[in-house]
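Heads up, the thing below is written out as structure tokens.
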Amino acid sequence: PCEGGKAALDFEGEAIAISDADGNGISTVLTANVRRLVLAGQAEMPIPDREDVRYLGPLTDQDKFDAYAACTALVMPSRLESLSLVTLEAWAVGRPVICPSRSPVLAGMSARSGGGLAYGSFAEFAEICELLIERPALASRLGASGAAFVAATYTWPRVVETYLDLFAEVRARLS
């Protein structure tokens with residue numbers, strides 16, 4: 001999938017976390033016992049040298065989208081996100097998202113979209129990873145739900161329509 005990019009992105013059976021490795025949730029997913037975890041983004045904390053962890057470093061946009069397409073699921077471990085662009089990007093290409101239940105925004109978006117699963121513990125995180133690896137049809141259904149959510153909510157035509165509706169409402173109230 002990724003000619004001449006960061007790595008041969010052969011992520012079948014792997015979850016990928018695309019986030020700055022700054023300790024904002026990354027340490028949680030590194031503690032869980034998962035088959036394989038691929039990390040991407042700027043390393044702002046030590047990345048363990050383990051067989052089950054692959055660190056790609058910062059990615060170009062093309063490599064990032066190739067990684068989304070090749071992975072089992074995007075892991076967005078931050079509890080402090082507002083609107084997560086990488087979550088929307090992963091959904092846009094049909095990949096499910098795994099996020100912490102302690103993040104009201106990410107867990108809420110995942111529930112509303114039907115595009116992801118939230119974990120509350122190390123064990124739940126590992127179980128969700130295994131579930132999506134073992135049941136690719138489920139991962140595909142979640143990813144498709146996320147893609148539909150992004151298309152219905154966050155595409156430029158939809159955003160412009162929302163703003164035009166808002167401007168019309170303000171104009172009507174001022175008239």
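The values are calculated or read from the model by the stated rules, or taken from the named source; none is laboratory data. Given the structure is predicted, the values throughout are model-derived calculations rather than measurements. Every residue, glycine among them, receives a Cβ derived from its backbone with ideal geometry; neighbour counts consider all protein chains shown. Remember, those area values only see protein heavy atoms, side chains included, never the ligands or the DNA or RNA. Shrake-Rupley method; radii C 1.70, N 1.55, O 1.52, S 1.80 Å.
Given a 1.4 Å probe and heavy atoms of the protein chains only, how would you sort Trp156, Trp91, largest accessible area at the top?
On the way: Trp156 195, Trp91 0 Å².
Largest accessible area first, the residues go Trp156, Trp91.
Using Cα centres only, tell me the gap between segment 96-138 and segment 152-170 in whole Å.
29
Once phi is turned into θ = phi - 60°, what whole-Hz ³J(HN,Hα) does the Karplus curve with 6.51, -1.76 and 1.60 give for every residue of segment 92-98, x standing for Gly and Pro?
Once rounded to whole Hz, the list reads 4, 9, x, 9, x, 10, 10.
Among Ser145, Ser82, Ser175, what's the order by accessible area (1.4 angstrom probe), most exposed first?
The ranking, largest first, comes out as Ser175, Ser82, Ser145.
Multiply the residue separation of Glu44 and Arg102 by 0.36 nm, subtract the distance between their alpha-carbon atoms, and state the gained length in nm to one decimal.
Once the chain is fully extended between Glu44 and Arg102, it gains 18.7 nm.
Would you work out which of Ala148, Ala107, Leu166 lies farthest towards the positive end of the dipole of segment 97-175? Charges go on Cβ: Lys and Arg +1, Asp and Glu -1.
Positive-end residue among those listed: Leu166.
Once amide H atoms are built 1.01 Å from N in the peptide plane, which residues 5 or more positions from Val53, or in another chain, come under 5 Å H to H?
Correct list: Leu37.
Along Cα→Cβ, 7 Å out, is where each label goes; now give me the distance between the ones at Thr162 and Asp61 in nm to one decimal.
2.1
What accessible area, in Å² to the nearest ten, does a 1.4 Å probe give for Arg158?
Around 80 Å² of this residue is reachable by solvent.
Less than 17 Å from a label point 7 Å out along the Cα-to-Cβ axis of Val53: which backbone N atoms in segment 126-143 qualify, by residue?
Those under the cut-off are 126.
Show me, for segment 104-111, the HN-Hα J-couplings you get by feeding each phi into the Karplus relation (A = 6.51, B = -1.76, C = 1.60, θ = phi - 60°), rounded to Hz, glycine and proline as x.
So the Karplus estimates, Gly and Pro as x, are x, 5, 5, 5, x, 5, 5, 5 Hz.
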